[in-house]
Amino acid sequence: MAIARDVLPPQRIGSVMAVLSVGMVAGAGLGFPLTAFVAQLGGLAAAFWFGTVLTALTLALAWRQLPRAPYATIARTRISESLLLGTSTLCFLLGVSQTTTWGWGDPRTLALLVAGTAGVATWVRLTLSAASPLVDLRLAFGTAALGPNLAAVSAGTGMYMGLTLMMVLVQTETPSGWGMGKSVLVAGLLLVPYSAMSVLGSRISLFVGRFVDPATVLPFGCGIYLISTLLLAVAHDQTWHAVVAMVLAGLGSGGTFATLPVLLIRVVPATETSSALAFNQVLRYFGFSVGSALGVTVLTLASTDTMDERGFVVASLVNAAVWVLAIIAIVGFGRRRRGLDPTQRPT
């Protein structure tokens with residue numbers, strides 16, 4: 001995305017940014033059925049090897065095909081900050097993901113959560129005092145970039161929480177009749193409409209963004225995903241319920257994640273595009289991890305039995321609340337000073 005801003009003509013920047021951003025959303029949806037198919041043929045290990053091969057191919061394509069940014073400057077990488085942030089995030093996410101196995105009060109869970117929180121706090125302190133920080137937190141949270149960054153965390157959490165709950169719903173089968181009892185491959189295929197609609201949602205948001213402020217379009221994308229979560233909370237007995245929910249979720253995800261980078265590049269200096277977009281992606285993926293763990297955690301804690309219908313309804317309502325927070329973030333903080341024009345170039 002940062003290279004695209006530097007090498008493309010101004011009139012193409014917004015649309016290309018949106019396509020690159022929503023490509024991640026569509027890829028996430030397609031990854032489920034592809035991985036499910038590989039896992040069904042060769043087992044869980046084959047699925048991980050499949051992901052490894054795709055990652056290696058992506059690296060090779062990026063190395064060979066991406067042009068060098070004409071204004072790129074190679075900044076010194078602060079290895080200590082990178083290790084501290086990575087380790088702290090790992091501890092926190094591992095602690096959240098293990099709550100369903102160890103429990104919230106287990107010493108191991110508490111130790112991981114405390115270590116992760118303390119590590120992030122230390123990283124923030126070091127970053128704010130550094131002359132050349134790994135991430136410019138003042139730019140990320142002290143300017144108009146605050147709204148898109150908060151929305152990235154909330155929307156990322158809500159997106160993967162919804163996908164995780166959908167996977168549980170489709171594959172679970174209980175004596176009480178809750179759940180659809182489908183195979184992992186069928187569960188993955190149900191996310192194909194999600195991927196297709198995410199692309200359509202991105203195109204719609206770009207079209208509408210020509211006539212209205214993108215900051216106005218973004219809450220509507222979050223709102224469409226919100227409707228899908230409420231629909232699942234009310235109706236989740238038939239396969240077509242899941243399909244309709246995924247269609248709405250795809251439209252909402254496409255509209256949301258296609259708009260976020262467009263908003264960011266308007267409010268950060270051209271020389272900070274790479275850092276700002278990369279940090280927004282980190283926040284988004286942090287939200288993905290939290291949402292995946294949070295969905296199963298709430299589902300388990302709210303169930304009177306192991307993953308029952310009551311727990312699913314409560315988890316869906318919690319997911320809806322997460323999307324409400326995303327809307328509040330962009331409406332409450334996205335109206336700040338607009339900042340720089342996206343076509344601005346460093347002199």
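The values are calculated or read from the model by the stated rules, or taken from the named source; none is laboratory data. Source: prediction; values computed, not measured. Glycine gets a Cβ as well: all are built from the backbone with ideal geometry, and neighbour counts include every protein chain shown.
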Q. Would it be correct to say that T100 is surrounded by fewer than 18 Cβ atoms within 10 Å (Cβ to Cβ), assigned to a helix (DSSP H, G or I) and under 21 Å from the mean Cα position of the chain (by Cα)?
A. no
Q) Would a scan of segment 259-271 turn up a residue that is surrounded by fewer than 18 Cβ atoms within 10 Å (Cβ to Cβ) and closer than 29 Å to I3 by Cβ? A) yes
Q.
I'm trying to understand the selection: among the residues of segment 125-143, which are free of Cβ contacts under 8 Å to residues at least 60 places away in the same chain and either part of a helix (DSSP H, G or I) or of a type in the set (G, A, S) (or both)?
A. R125, L126, T127, L128, S129, A130, A131, S132, L137, R138, F141, G142
Q: Considering only segment 86-103, state which residues are touching a helix residue (DSSP H, G or I) at 6+ places or on another chain (Cβ under 8 Å) and not polar (S, T, N, Q).
A: L90, C91, F92, L93, L94, G95, V96, W102, G103
Q. For residues in segment 186-239 being among the charged types (D, E, K, R) and not in a helix (DSSP H, G or I), which is farthest from the chain's Cα centre (by Cα)?
A. D237
Q) Hey, any hits in segment 43-53 for a residue that's outside any helix (DSSP H, G or I) and either within 22 Å of the chain's Cα centre (by Cα) or surrounded by 14 or more Cβ atoms within 10 Å (Cβ to Cβ) (or both)? A) no
Q: Please find, within segment 103-122, the residue that is surrounded by the most Cβ atoms within 10 Å (Cβ to Cβ) out of those that are assigned to a helix (DSSP H, G or I), more than 22 Å from the chain's Cα centre (by Cα) and hydrophobic (A, V, I, L, M, F, W, C).
A: L112
Q. Filtering segment 274-320 down to residues that are in contact with a Leu (Cβ under 9 Å, 6 or more places away or on another chain) and of a type in the set (S, T, N, Q), which residue is surrounded by the most Cβ atoms within 10 Å (Cβ to Cβ)?
A. N319
Q: Give just the number: which of (1) modelled with pLDDT of 85 or more; (2) in a loop (DSSP other than H, G, I, E, B) does A69 not satisfy?
A: (1)
(Q) Take R284 and tell me if it is in contact with a helix residue (DSSP H, G or I) (Cβ under 7 Å, 6 or more places away or on another chain), at pLDDT 80 or above, within 21 Å of L137 (Cα to Cα) and in the same structural domain as T216 (by TED's automatic domain parsing). (A) yes
Q: Identify the residue in segment 114-173 that is assigned by TED's automatic domain parsing to the domain that holds L248 and among the aromatic types (F, W, Y) and, among all such residues, is modelled with the highest pLDDT.
A: Y160
Q: Tell me which of these M246 doesn't satisfy, since it passes every other one: (1) buried (at least 24 other Cβ atoms within 10 Å of the Cβ); (2) in contact with a Leu (Cβ under 7 Å, 6 or more places away or on another chain); (3) over 21 Å from G181 (Cα atoms).
A: (3)
(Q) closer than 30 Å to A315 by Cβ, in contact with a Ser or Thr (Cβ under 8 Å, 6 or more places away or on another chain) and not acidic (D, E): is that true of T172 in this structure? (A) no
